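These notes concern the structure reproduced below.
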């Protein structure tokens, strides 16, 4: 469409342009700084002396009081405990259910595959508010009492799809001839699977588990529909907004953040040491 | 392992769970939406199809607002993050994974806490307005909370990493030789971007739009915490009707319409790019 340029004015490599050297990087760092602002706010305000045991916008002086009184708000601690419980159990169930399905989807062509793909994609893309509302309708219709069990069921339902996607990506990147080679060398199918395939897809299973855990512990919208009287951490915090947030909420957020960073850094180091160039895709 | 029924056995547990706790409830809300009655005496199926025009009539402002806020925040996130993803993918150098890690840090902070910190930042006497007011740039009656700006700020912030990730993956996949070839054929830097890089990153862009758009249109926590009575979104209505008022038919009808509207968007996307790309990027 555009007129051709003469060789002399456009043969410069892209790299040397001021645009990519100064303008773009400055912009990128500005955006990164912006994304970090709320995190900084959270961390800074855990050290604010809050007079009424509630977070205030005004700064009252530095204190580490809230870290030592971390578990003082009993309901909040209880809610955090519920969240952890649901996250661990739902991630385990979802990983156990999703991994075999991912193996089938990645390796085999069978009738109904397209339908399964469609269900998984719909699950991933459905608005959470609709998923939550429809599940609540379902539980009410069957008069299943809402509580920790219904929260678990809901969390497994949205985590299964995540596990299938993540593990499937890992399995389809594998060379199937490895397992065949094991079979040629006389390994029975189950031995070939456990000794060859399993160790190779284990990182994928592990990252699927971590992702499930993170999504589960963070979920507010679906949980708010199916929780009944049971409160998880996000539900408790949302409920406390009207009366004021105890500083412990930000302290817990900070501790979760710090451990998340440490886990991420550890897995990065672990990956560098282990198989290079074989990083887990998201 | 290689028998015909293996893939079915492998995917059966996951599909049973998704079928029972995702597909069945989704279909069930269709019948719930056609019921009439009240929360005390219960509901009976009366094939009340007029609920759809009624609900549409009553809640069209909230529905319109959801798509407006969702659309604006998605667009803002796209415009903000494309250059960032581009710079990291093409000019990130050896620190690529560090930049990506910084960008994804908000994921490690609980969703509810991220929104709460925005309430902190945007409140009338908070960090931003308080400072601007004390310098005298803004009048004392200036406020952001409870306005559409506040809700869109929250929605956009939450969208940033979700938007950046699929775009980055798409850009990273582009064969650098293609870009170089364009340069060898005397395409200017702009032309290389416009004719080679941009079209090749399109699937990532659409995946980002889809992921973020659906999440934000259905979101109600931002509107609940940062917004006011004039910024209610459709998610808020579904939540209050279902959980607080017990008006299941109305909430179900609204959920269905939201789901249908979004399904149309997904369907169009799948037609253009195929379902594989949704899985790949989500």
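Some values worked out for this structure:
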read-out	value
Tally of residues being free of Cβ contacts under 8 Å to residues at least 24 places away in the same chain and under 21 Å from residue A:263 (Cβ atoms) across segment B:76-104	7
Positions within segment B:142-186 being part of a loop (DSSP other than H, G, I, E, B) and within 19 Å of residue B:228 (Cβ to Cβ), in sequence order	B:142, B:143, B:144, B:145, B:146, B:147
Residue in segment B:58-67 that is within 30 Å of residue B:164 (Cα to Cα), assigned to a helix (DSSP H, G or I), without any contact (Cβ under 8 Å) to a residue 60 or more places away in the chain and within 12 Å of another protein chain (Cβ to nearest Cβ) present	no
The lone exception for residue B:195 - which of (1) within 24 Å of residue B:78 (Cβ to Cβ); (2) in contact with a helix residue (DSSP H, G or I) (Cβ under 6 Å, 6 or more places away or on another chain); (3) surrounded by fewer than 19 Cβ atoms within 10 Å (Cβ to Cβ) it fails	(2)
Number of the condition not met by residue B:26 [criteria: (1) assigned to a helix (DSSP H, G or I); (2) surrounded by fewer than 20 Cβ atoms within 10 Å (Cβ to Cβ)]	(2)
Unique residue being touching a residue at least 60 places away in the same chain (Cβ under 8 Å) and surrounded by fewer than 22 Cβ atoms within 10 Å (Cβ to Cβ) when the list is B:168, B:206	B:206
Matching residues in segment B:209-223 - criterion: being more than 12 Å from residue B:73 (Cα to Cα), assigned to a helix (DSSP H, G or I) and facing chain A (nearest Cβ under 7 Å)	B:210, B:218, B:221
From B:84, B:109, residue being within 7 Å of chain A (Cβ to nearest Cβ), at pLDDT 90 or above and either in contact with a strand residue (DSSP E or B) (Cβ under 9 Å, 6 or more places away or on another chain) or farther than 27 Å from residue A:122 by Cα (or both)	B:84
Any hit, segment B:129-141, residues being part of a helix (DSSP H, G or I) and buried (at least 19 other Cβ atoms within 10 Å of the Cβ)	yes
Selection count, segment B:234-268, where residues are farther than 22 Å from residue B:211 by Cβ and either without any contact (Cβ under 8 Å) to a residue 12 or more places away in the chain or within 7 Å of chain A (Cβ to nearest Cβ) (or both)	7
Qualifying residue in segment B:10-22 (condition: under 30 Å from residue B:97 (Cα atoms) and surrounded by 13 or more Cβ atoms within 10 Å (Cβ to Cβ))	no
Odd one out for residue A:52, checked against (1) touching a helix residue (DSSP H, G or I) at 6+ places or on another chain (Cβ under 7 Å); (2) over 22 Å from residue B:109 (Cβ atoms); (3) not in a helix (DSSP H, G or I)	(1)
Total residues in segment A:133-143, condition more than 8 Å from chain B (Cβ to nearest Cβ) and either buried (at least 24 other Cβ atoms within 10 Å of the Cβ) or assigned to a helix (DSSP H, G or I) (or both)	1
Subset tally (residues that are at pLDDT 90 or above, more than 8 Å from chain A (Cβ to nearest Cβ) and under 18 Å from residue A:143 (Cβ atoms)) for segment B:4-51	1
Sole exception among (1) within 18 Å of residue A:133 (Cα to Cα); (2) assigned to a helix (DSSP H, G or I); (3) touching a helix residue (DSSP H, G or I) at 6+ places or on another chain (Cβ under 8 Å) for residue B:43, by number	(2)
Condition met for residue B:115 (within 13 Å of chain A (Cβ to nearest Cβ), in contact (Cβ under 8 Å) with a residue 40 or more places away in the chain and closer than 30 Å to residue A:95 by Cα)	yes
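The values are calculated or read from the model by the stated rules, or taken from the named source; none is laboratory data. Because the structure is predicted, anything quoted here is derived from the model rather than measured. We place every Cβ from the backbone using ideal geometry, glycine too, and count neighbours over all the protein chains shown.
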